[in-house]
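What follows is one structure encoded as structure tokens, with my remarks underneath.
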Amino acid sequence: QQDAFLGVFLGILVAMMLYNLVLYFSIRETSFLLYVGHCFGLLFFVVSWQGIGPTYIWPNSIWFQNVSIAFATFAVIGFSTWFCGVFLGLSPQNFSLYRVFWVVRNFGFIGCVITFFIPHQWSIYLSSLFSFVAMSMVAKAMWERANMSYRPARLFVFGWALFISGALAMALNKFSFIEVSPASENLLLWGAVL
């Protein structure tokens, strides 16, 4: 049952990537392309985390398996925060931590690079720690923008609340604060689809 659910999730994620890519080429709106990046990072994360990548895509590369989860986590951080910042229309006038928000995004992409040069235990630790920071920043941005009666932010909060909850649960699990159950793992996946 879990394999079937995972297959449906990956199929939906690929469909969302292709749909948003078509929208980007039709409308030339940057947020669609950034969402494609977010979906790709998330797809790469799930493929690495669930063992699909090392089993079927890169079966002979143990080294890549060791860095793939941290790399994918940093990619999700970079693209997710970038997409959120653009979609929510963040500016110094409407978000109190505007500069910090973009530093978080930049560090996500820097993390993609440094993952290949530091021990994989460190990269897992750093990416997990930073995912907590990034999701907290996104939650704060959503809250502030929704409170300012920015209508797209209200829909965004509804759509991303489960995803952020699942991501925070996984980050807290890496530091042994909570245990992740199959239900909370699915929370991340369902939140991403929603």
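The values are calculated or read from the model by the stated rules, or taken from the named source; none is laboratory data. Treat the numbers as computed from the prediction; the structure is a model and nothing was measured. Every residue, glycine among them, receives a Cβ derived from its backbone with ideal geometry; neighbour counts consider all protein chains shown. For accessibility, only protein heavy atoms count, side chains too; no ligands or nucleic acids. Shrake-Rupley method; radii C 1.70, N 1.55, O 1.52, S 1.80 Å.
Values as computed for the structure displayed
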read-out: Cα gyration tensor shape for the range 1-156, rounded if a/c is under 1.5, else prolate or oblate; value: oblate
read-out: Prolate/oblate/rounded call for the range 13-62, Cα gyration tensor, a/c under 1.5 rounded; value: prolate
read-out: Sulfur and carbon atoms: percent of accessible area, the range 83-167 [1.4 Å]; value: 70
read-out: Solvent-accessible area per residue for the range 80-121 (1.4 angstrom probe, square angstrom); value: 52
read-out: Charge sum, other residues only, whose C-beta stays under 15 Å from G159's C-beta, Lys/Arg counted +1 and Asp/Glu -1; value: +3
read-out: Heavy-atom accessible area per residue - the range 23-70, 1.4 Å, Å²; value: 52
